[in-house]
Amino acid sequence: MITGRFAPSPSGRMHLGNLFAGLLAWCSVRRAGGEILLRMEDLDPQRTNAAFADQIRRDLERFGLNWDREVACQSSRKAAYDAAFGALEAAGLVYPCYCSRAEVHAASAPHLGQSEFVYPGSCRNLTEAERKTRKRAPAWRLRVPEQIWRVSDGLQGDYSELLSRDCGDFVLRRADGVYAYQLAVVVDDAENGVTQVVRGRDLLASTPRQCYLFSLLGRPAPHYYHVPLLLAPDGRRLSKRDRDLDLGALLERFSPEQIIGSLAYAAGLLEQDAPISAAELAAEFDWNRVRKEDLCLRLGE
Ligand code: GLU
């Protein structure tokens, strides 16, 4: 049986792109008769809050998306992340990094085509004595091997990275003690027995890192589908700050079924832009029809 999940970050109201990813995750699992979970990725107390989480829950309900287990919250899972972090530390794979963000950026070249920076390993081989001289609270990084990690994505095809060259040692826990998304998402997907991950294409570049973490935790990685991003009419990527395609504004003008119909039509799942419920769409859902290129939606113009 397939176990899927939708894992929004309650850092604002969902925009249409977030809903789109959730809709496809839900339809894929419902079509296959599996189970799907909702997880609030509320790790960062400075960026996320319970009011946004409630809003997301209400919005998803309005679109007819329901969940098979109790809604999970990462903010209550610190013990599980501590345990995984402890195991990686005990295996000698984790080290403290004292670099500021500015230092990391200054010392490293941006990787071709990526907005993230490759960490040059400045703190990788510090001695105990050198560490003692540092004043700053450290972030904690995972050593990555000189090894290629390959993802066979159900929609985007093969994607691989040589982690040491394309990513560098990455952060598992920030200097303020907050666990990084990369660790938390893998610990949670592993513990929940998730076998299928459907999410935005922007996270494809995180996937080799996550596959590496799955292997270190001795768990199989799920099967991935990275779905197209929605672009604003002027070609910009949507962000939660762009209120134009935020769900609140759209729901004042369109029914949930109209919005789902337009999304499904843009994605290649419907022949016509006509209203449809999530359950009806799930009944005819087919990955072979889903476009993999980013979509520009005219809804709301
Ligand atoms: N929380 C992430 C987001 O809202 C998604 C993480 C994931 O699906 O792996 O973009």
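The values are calculated or read from the model by the stated rules, or taken from the named source; none is laboratory data. Source: prediction; values computed, not measured. Neighbour counts run over all protein chains shown; Cβ positions are idealised from the backbone, glycine included. All accessible areas refer to the heavy atoms of the entire protein, side chains included, with ligands and DNA or RNA removed. Shrake-Rupley method; radii C 1.70, N 1.55, O 1.52, S 1.80 Å.
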Accessible surface, 1.4 Å probe, highest first, among residues His15, His105:
His105, His15
Listed residues Met40, Met1 arranged by accessible area, highest first, probe 1.4 Å:
Met1, Met40
Over the range 1-133, calculate the relative contact order: mean separation of alpha carbon pairs under 8 Å at least 6 apart, over the residue count, as a percent.
21 percent
Accessible surface, the chain, averaged per residue in Å² (probe 1.4 Å)
47 Å²
Which Cys residues of the chain have no other Cys Cβ less than 4.7 Å away and so no disulfide-compatible partner by this rule?
Cys27, Cys73, Cys99, Cys167, Cys211, Cys296
Could you give log10 I(q)/I(0) at q = 0.19 Å⁻¹ for the range 182-225, computed by the Debye formula over C-alpha point scatterers of equal weight, without solvent?
-0.49
If one computes P(r) from the Cα atoms of the chain, what percent of pairs lie at distances over 37 Å?
17 percent
When we measure straight from the Cα of Lys240, which lysines land under 25 angstrom away, once same-chain ones fewer than 8 places off are left out?
Lys292
Could you size up the charge dipole of the chain around its Cα centre, putting +1 on the beta carbon of Lys and Arg and -1 on that of Asp and Glu, and report it in debye to the nearest 20?
980 debye
Report the charge-dipole magnitude of the range 204-264 in Debye, nearest 20, computed about the Cα centre from +1 at each Lys and Arg Cβ and -1 at each Asp and Glu Cβ.
340 debye
For the chain, what relative contact order do you get, as a whole percent, if you take Cα pairs closer than 8 Å and at least 6 residues apart?
21 percent
What helix-only [θ] at 222 nm does the chain give? Using -39500 (n - 2.57) per DSSP H run of at least 4, over all residues, to the nearest 500, the answer is -10000 deg cm²/dmol
Low-density loop cleavage sites - GluC sites (Glu not before Pro) in the range 19-128, where at most 11 other Cβ are within 10 Å (DSSP):
Glu70
Rank Asn18, Leu238, Gly121 by how far each Cα sits towards the positive end of the charge dipole of the chain (+1 on Lys, Arg Cβ; -1 on Asp, Glu Cβ) and give me just the farthest.
Gly121
With DSSP loop assignment and no more than 16 other C-beta atoms within 10 Å, the GluC sites (Glu not before Pro) in the range 230-280 are Glu252, Glu271
Hand me the trypsin sites (Lys or Arg not before Pro) from the range 272-301 located in a DSSP loop with no more than 10 other Cβ atoms within 10 Å, in residue order please.
Arg298
